[in-house]
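See structure below.
The values are calculated or read from the model by the stated rules, or taken from the named source; none is laboratory data. All values reported here derive from a predicted model rather than from experimental measurement. Note: ideal-geometry Cβ built from the backbone for every residue, glycine included; neighbour counts use all protein chains shown. Side chains included, ligands, DNA and RNA excluded: accessible areas come from the protein's heavy atoms. Shrake-Rupley method; radii C 1.70, N 1.55, O 1.52, S 1.80 Å.
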Amino acid sequence: MTMTTTRFLQRTAAGFGALALAAAGALALAAPAAAQSQPGPGQPGAPDSGSLTINKYKGAPRENPAPADLLNGVEFTVTQVGTTVGTDCVPLNLAQASAWDGLPALFATTPASLTGDFCYVPGAQSATTVSGQAQFSNLDLGVYFVSETDPGPNNIVSKVPDFFVSVPMPQGASGWLYDVVANPKNQLMDAPTKTVADPETFVTGAIVPWTISARIPTLNDEKFTVASVNDVLDSRLSYVSSIVSIGSTVLEEDTHYTVNPAGVTWTFTEAGRLLLDGQMGQTLTIVMKTRVGDVGDGAIPNMTYSATFNGATVPGGTVPYTYWGKLTITKNDNSQPARPLAGAQFQVFSTAADGTCPATAPSSGALATGTSNNAGLVEWAGLTPNNPLTLWIANSPDNPITPSPTKGYCVFETVIPAGHLATPIANPVMIGASPTPLELNVVNPRREGPRLPMTGAQGTLVLTAGGLALIGLGAGGVAVARRRNDVA
């Protein structure tokens, strides 16, 4: 090889090195610790083959990643690049100066793609990462197109951009590198999380707020083409409304996203995805309000939710619960058998901060007000269903509460049926998260009537006895008189 050819290769290789790094974008190319620079292709003592090692792990490239950060099962495919000769695609021979013609323009394409007379040589090779590495050994000298073809079991939201690499690779002023190492900048998606807040009211039909937080992933050289958040509600919950925000910026429904209440799915529009493009790494927050229906066994989880960005879907990482109980009140007198009492009124209040109840019903702040019907069953005004009364018990930020929780409420009888006495209720009344309502039977004794005078029941008895005695005396007198007349 002439001196002119050698200098041409050196100049071309220097330009190629810069362009290849730029084309890789999210890559850093490095030499293995033990690698030595070699002569250029075609030079005396130069190797006739090389290798490519691709490191795959979480986060930015670094020399000694933690074992937990290694990403296994990721497939990469390399395809040799050639030029078209007749009907064949002939591999580039980098030992020839003419093989470098057109390479700077090829390497500058973004995303990496073939240009001009370049073509793919049949016989692509694939390798899957083991201990975070995909290795291609005994590669013929040439130019290769590298693509991440399968993310495997990993939450990779932004795959490594396709790139070109040459074997050998120019190593600055030091020479040539035949064992090339590529360190992709890998972008994973964090699992979304969810929290639950205390309900807006504590009774039947209450609104419970849930907050879903999802970190907007950082992409390599891409934009968001698909973005959505999904929450499959428990059958005992129904969607009411939601607010979507990024930091202090509140997004507009139908402009930045749409909501499908049957699901529930928030799908970002093109305008919404543009916002996400500019907020990579920030937290997307969705505050969703749901209405509580039939509480069933009382333990209501919100477990099936996920976030999807650019085809990568990651399920939620926390499972919050909300707990609810039921209360039924019946009203009777103290007859034998007991008779139901209609018209009794009850009010339910929250306990004080220390869990205690006042001696008498507060003048305001009742959570629910109910009145007993003709069957003595208390029906709760303005609630559907109006019996039993559903009451909030507790929330759990993640996983069930064991044992099942209870909560105290203050119950007062505020209107007593006429002719009956009040019966104190032992407060607080402890309600448990259970499919069976707590049944509270409140008995009002009948009041005692007034004592009647002698003309009453007892007087009637005495007069009756006296009258009978007088009748007896009169009959005796008549009998005596008749005897006397007979004698005369």
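Just a few scattered comments:
- Taken together, the residues in the stretch 276-292 that are open to solvent by less than 50 Å² (accessible area, probe 1.4 Å), over 17 Å from K194 (Cβ atoms) and modelled with pLDDT of 95 or more amount to 2.
- Residue check for A338: more than 25 Å from G298 (Cα to Cα), in contact with a Gly (Cβ under 8 Å, 6 or more places away or on another chain) and surrounded by fewer than 17 Cβ atoms within 10 Å (Cβ to Cβ): no
- When the residues of the stretch 101-119 are filtered to those that are under 45 Å from the mean Cα position of the chain (by Cα) and modelled with pLDDT of 85 or more, the one that is nearest to D162 (Cα to Cα) is A112.
- Subset of the stretch 420-433 that is open to solvent by 40 Å² or more (accessible area, probe 1.4 Å) and touching a residue at least 24 places away in the same chain (Cβ under 8 Å) - its residue that is farthest from the chain's Cα centre (by Cα): L421
- Residue check for P209: touching a strand residue (DSSP E or B) at 6+ places or on another chain (Cβ under 7 Å) and part of a loop (DSSP other than H, G, I, E, B): no
- Against the test of being farther than 27 Å from G205 by Cβ, hydroxyl-bearing (S, T, Y) and not in a strand (DSSP E or B), the options T356, T308, T313 yield a single qualifying residue, T356.
- Complete set of residues in the stretch 135-179 that are under 47 Å from the mean Cα position of the chain (by Cα), more than 24 Å from L70 (Cβ to Cβ) and not aliphatic (A, V, I, L, M): F145, F164, S166
- Residue check, N183 outside any strand (DSSP E or B), modelled with pLDDT under 95 and not hydrophobic (A, V, I, L, M, F, W, C): no
- The test for being more than 30 Å from P320 (Cβ to Cβ) and open to solvent by less than 20 Å² (accessible area, probe 1.4 Å) holds for F107.
- Taking (1) under 30 Å from Q282 (Cβ atoms); (2) touching a Ser or Thr at 6+ places or on another chain (Cβ under 6 Å); (3) exposed (fewer than 13 other Cβ atoms within 10 Å of the Cβ) in turn, A381 satisfies each apart from (1).
- The single condition among (1) assigned to a strand (DSSP E or B); (2) at positive phi; (3) in contact with an Asp or Glu (Cβ under 9 Å, 6 or more places away or on another chain); (4) not aliphatic (A, V, I, L, M) that N138 does not meet is (3).
- Sole exception among (1) touching a Gly at 6+ places or on another chain (Cβ under 9 Å); (2) surrounded by fewer than 18 Cβ atoms within 10 Å (Cβ to Cβ); (3) in contact (Cβ under 8 Å) with a residue 40 or more places away in the chain for A227, by number: (2)
- Any chance A352 is within 28 Å of R446 (Cβ to Cβ), open to solvent by 30 Å² or more (accessible area, probe 1.4 Å) and aliphatic (A, V, I, L, M): no
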